Amino acid sequence: MADQYQSKAKVLKSERLATDVCRLTLLCPDIAKKARPGQFVMLRIAPAALDPLIRRPFSIYQTTAGGQLQILYKVVGKGTGIMAGLHPGDMVDLVGPLGTGFPIDVRPRHCLIGGGMGAAPLFFLATWLLRHPDAEPVVLLGARNREELRAIAPEFENLGIPVGLATDDGSEGHHGYVVDLLADSLTGEERPWHVFSCGPYPMLRAVAKLCHLRSRRCHVSLETMMACGIGACLGCALPRAGLNGYLHVCRDGPVLEAGQVAWF
Amino acid sequence: MMNSPDLKVNIGGLILKNPVLTASGTFGYGEEFAPFVNLHRLGAVVVKGISLAPRAGNPPPRIVETACGMLNAIGLENVGVDRFLAEKLPYLRGLGATVIVNILGETLDEYRELARRLGEEGDIAAIELNISCPNVKKGGVAFGSDPKMARAVTEAVCRHARQPVIMKLSPNVTDIRVIARAAEEGGAAAVSLINTLLGMAIDAETRRPKLANLVGGLSGPAIKPVALRMVWQVASAVKIPVIGIGGIVTAVDAIEFLLAGATAIEVGTANFVNPKATEEILAGIRSYLERHKMQSARELIGALAPDA
């Protein structure tokens, strides 16, 4: 875990993509250079503030060669509310890149299935997979409604790869869970499938179950409460499969092989 | 041009290069912070509490943020003394860090055995005795709240340890001075305080406790005034050095603890928020001393003016 940094990052852009979906573009060359898909950063908004005190983990949406790093997030509480009010030129404090990202092997075909903000690390992954000419990733995205989906889907669609869509309210794409689209997507046996997923826990559980039944390799990116992100607080414990002790999402994950996790 | 101020402090015979230590449980085994902190520059690295056998810890959720602080119920998850000595200690030794090992047990025999095992390691600078963790049902908290048991466990560990023994005190008692005196009588070289305050958080929407353990230990800036008051009380109740802990985020916080009577301080929750906190606090203490034209950090210890 040597290539980790604590750095001041300058806000370059703060965009609102939907009512409660935002994207932050930060200049942070040391972290951006080392970041790999599936890794995350711990962000502190106002370095002198004591409330909110604890950093928040965000998976990395993408990085650019110019040292930029993007975070896609939903405004859900006090911390993300303050984040949404950041302006270009403001400074935040980042620790990263942290955790174990997606294992990238270009021999299988890849199915990337995301729910809500779970799309963020999958976009980073998709851009990395497409660096390889043999990669043929398929993306499945779910959101609450069309507005949220339109905040997430266009950048995937611009990559020129198949994108399946679902919304909870049926306002765009399949009316129902995005997992409903997974079974029909894993067709063709000439190349084995490798499924990557990120999103709400019940969705990940459903993806893990389906992949287990169909013997598809599956990695999920999980989220828990965590205070440090670097393996010190031990707050991010997750029961290991067989209830044999705990995994720690910050170090063992956030990307874990689905079979490692005790699903509840 | 003035000489750089002397930051050395003496913890019951143990000379530390400066008064900035890490609080057990907030700094892992040190290596987690190596990308951010020069570990050998700290007064000491106090590692995660070690038990004889490895402990898996409590089920999640284990932590929750509260106003200006956090609650934790980790449950003393640790690798156990064998793996600590084989895998964790050599790394810190290699960096030249001053290492203090926090130990915890459920019985007097376990504490004795841990003291004996660590006593064999010449380069462990001191042992900090955790008799005050609120998150385990047996052991810890009972030793920490009963003066007779606190004295007995201190005596037992001091007899087997070759290093100075620091007793870490719980604030969850009626009068912390009584436990501090018991530790002093038992032979402790110093006391460190405070451990976390027992607390609780509830989710009104789901009507459930936010921690799986129901209750947990409150830490962070929210507890600093309580910690300062207890350090001040204990410093005048015992003759052995006091190590101040509780909500220290900045150098100014640390200096307040020294003024209240602490000889050194431990930085805890701030390590999570700002991994570089310890070295920043150290630099801040140095510049405070220079600004006030003081020769030594020791001039600050207990230098609280008598009234407001």
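How much of the accessible area of the stretch A:120-208, in percent, comes from carbon and sulfur atoms when a 1.4 Å probe is used? Write out the running numbers ahead of the final one.
Numbers: 2000 of 3820 Å².
Answer for the stretch A:120-208 is 52 percent, counting heavy atoms of protein chains only.
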Item checked: Using alpha-carbon coordinates, inclination of helix A:119-129 to the longest axis of chain A, degrees -> 70
Check: Taking the radius of gyration and the Kirkwood hydrodynamic radius from Cα positions alone, what is the Rg/Rh ratio for the protein assembly as shown, to two decimal places?
Finding: 1.01
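Rounded to the nearest whole Å³, what is the per residue volume of the convex hull around the Cα atoms of the stretch B:165-256?
Details: hull volume 10.4 nm³, N = 92.
Cα-based convex hull of the stretch B:165-256, divided per residue, equals 113 Å³.
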Notebook entry, point to check: Expressed in nm to one decimal, what extension gain is obtained for the pair B:Ala212 and B:Ala67 from 0.36 nm per residue of sequence separation less their Cα-Cα distance?
Noted result: 50.3 nm
Checklist line | Inter-site label distance for B:Lys239 and A:Asp134 at 7 Å from Cα along Cβ, in nm | finding: 7.7
Notebook entry, point to check: At what distance in nm do the modelled label points of B:Val178 and A:Arg191 sit from each other, each positioned 7 Å from its Cα along Cα→Cβ?
Noted result: 7.2
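Counting protein heavy atoms only and a 1.4 angstrom probe, how many square angstrom of accessible surface do chains A and B bury in total, to the nearest 100?
Working: alone 11900 and 13240 Å², together 22670 Å².
Chains A and B together bury approximately 2500 Å².
So how strong a dipole does the protein assembly as shown carry about its Cα centre when Lys and Arg Cβ are +1 and Asp and Glu Cβ are -1, to the nearest 20 debye? Display every interim value, and only then the final one.
On the way: 59 positive and 54 negative charges, 119 e Å.
Dipole about the Cα centre, nearest 20: 580 debye.
Taking the highest mean first, how do the peptides A:234-243, A:179-188 order by number of other beta carbon atoms within 10 angstrom per residue?
Numbers: A:234-243: 19.5, A:179-188: 15.3.
Top of the packing list down: A:234-243, A:179-188.
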Check: Can you tell which of A:Ile113, B:Thr26, A:Asn158 lies farthest toward the positive end of the dipole of the protein assembly as shown, using +1 and -1 charges on the Cβ of basic and acidic side chains (Lys, Arg; Asp, Glu)?
Finding: B:Thr26
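Are there DSSP H segments in chain B that both extend 18 Å or more along their axis (alpha-carbon positions) and score a mean Kyte-Doolittle hydropathy of at least -1.0? List them, or say none.
Working: long enough: B:147-160 (20 Å, -0.26); B:277-291 (21 Å, -0.17).
Helices meeting the criterion: B:147-160, B:277-291.
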Next item on the list: Would you calculate the volume per residue, in Å³, of the smallest convex hull containing every Cα atom of chain A?
Entry: 127
Notebook entry, point to check: What residues qualify as long-range amide H neighbours of B:Thr22, i.e. H under 5 Å apart, gap of 5 or more or another chain, H built at 1.01 Å from N?
Noted result: B:Ala44, B:Val46, B:Val267
Notebook entry, point to check: Considering only DSSP states other than H, G, I, E and B, which GluC sites (Glu not before Pro) in the stretch B:156-223 qualify as loop sites with at most 11 other Cβ atoms within 10 Å?
Noted result: B:Glu205
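Would you calculate a helix-derived [θ] at 222 nm for chain B, using -39,500 (n - 2.57) for each DSSP H run of n ≥ 4 and dividing by the full residue count, to the nearest 500? If you can, show how the numbers build up before the last one.
Values: 10 runs with 93 residues, N = 308.
Counting only the DSSP helices, I get -8500 deg cm²/dmol.
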Next item on the list: Select from the stretch B:28-118 those GluC sites (Glu not before Pro) which occupy a DSSP coil region and have at most 13 other Cβ atoms within 10 Å, ordered by residue number.
Entry: none
Check: So how compact is the stretch A:109-213: Cα radius of gyration and Dmax in angstrom?
Finding: 12.8, 37
Checklist line | Shape call, chain B: gyration tensor on alpha carbons, a/c limit 1.5 | finding: rounded
Notebook entry, point to check: Among the lysines, which have Cα under 29 Å from the Cα of A:Lys8 when same-chain residues fewer than 8 positions away are ignored?
Noted result: A:Lys33, A:Lys34, A:Lys74, A:Lys78, B:Lys48, B:Lys224, B:Lys276
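Subtracting the Cα-Cα distance from 0.36 nm times the residue separation, let me have the gained length for A:Arg144 to A:Ala49 in nm, one decimal.
Working: separation 95, 0.36 × 95 = 34.20 nm, distance 3.33 nm.
Full extension from A:Arg144 to A:Ala49 adds 30.9 nm.
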Note to self: Under 10 Å, Cα contacts only: if you run a Gaussian network model on chain B, which one of B:Ala97, B:Ala34, B:Ala254 comes out with the highest mean-square fluctuation?
What the structure shows: B:Ala34
Checklist line | Nearest 10 degrees, 0 to 90: helix A:201-213 Cα axis against chain A principal axis | finding: 30
Next item on the list: Give, rounded to the nearest 20 debye, the magnitude of the charge dipole that the stretch B:47-129 has about its Cα centre when Lys and Arg contribute +1 at Cβ and Asp and Glu contribute -1 at Cβ.
Entry: 160
Margin query: Running a GNM on chain A with Cα contacts under 10 Å, which residue among A:Lys13, A:Lys78, A:Lys209 ends up with the highest mean-square fluctuation?
Written below: A:Lys78
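Using the heavy atoms of the protein chains and a 1.4 angstrom probe, tell me the accessible area per residue for the protein assembly as shown in square angstrom. Provide the component values of the computation, followed by the final result.
Working: 22670 Å² over 572 residues.
Roughly 40 Å² per residue, with all protein chains present.
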Check: In sequence order, what are the phi-derived ³J(HN,Hα) couplings for the stretch A:84-98 according to the Karplus relation 6.51 cos²θ - 1.76 cosθ + 1.60 with θ = phi - 60°, rounded to whole Hz, with x for glycine and proline?
Finding: 5, x, 5, 10, x, x, 5, 10, 10, 10, 10, 10, x, x, 10
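If I stretch the segment between A:Asp184 and A:Lys10 completely, what's the gain in nm (0.36 nm per residue apart, minus their alpha carbon distance), one decimal?
Values: separation 174, 0.36 × 174 = 62.64 nm, distance 4.35 nm.
Full extension from A:Asp184 to A:Lys10 adds 58.3 nm.
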Check: If amide H atoms are built 1.01 Å from N in the plane of the peptide, which residues on other chains or at least 5 residues away come under 5 Å of the amide H of B:Leu211?
Finding: B:Ala201
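Go ahead and estimate [θ] at 222 nm for chain A from helices alone: -39,500 (n - 2.57) per DSSP H run with n ≥ 4, summed, over the residue count, rounded to 500.
On the way: 6 runs with 53 residues, N = 264.
Helix-only estimate at 222 nm: -5500 deg cm²/dmol.
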Item checked: Among B:Val101, B:Val242, B:Val226, residue whose mean-square fluctuation peaks in a GNM of chain B (springs only between Cα atoms under 10 Å) -> B:Val226
Notebook entry, point to check: Once the Cα atoms of the stretch A:21-121 are picked out, what are the Rg and Dmax in Å?
Noted result: 14.2, 48
Item checked: Whole-number percent relative contact order across chain B, with pairs defined as alpha carbons under 8 Å at least 6 apart -> 21
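What does DSSP give for chain A in terms of the percent of beta bridges that are antiparallel, rounded to the nearest 5?
Details: 37 of 61 bridges.
Approximately 60 percent, going by the DSSP bridge assignments.
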Next item on the list: Would you mind getting me the FRET efficiency between B:Thr107 and A:Asp3? Use the beta-carbon distance for r and R0 = 56 Å, nearest 0.05.
Entry: 0.85
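The values are calculated or read from the model by the stated rules, or taken from the named source; none is laboratory data. Everything quoted here is computed from the prediction, not taken from an experiment. Quick reminder, even Gly has a Cβ in these numbers, built from the backbone with ideal geometry, and neighbours come from all protein chains shown. Each accessible area value is taken on the protein alone, full model and side chains, heavy atoms only, with ligands, DNA and RNA left out. Shrake-Rupley method; radii C 1.70, N 1.55, O 1.52, S 1.80 Å.
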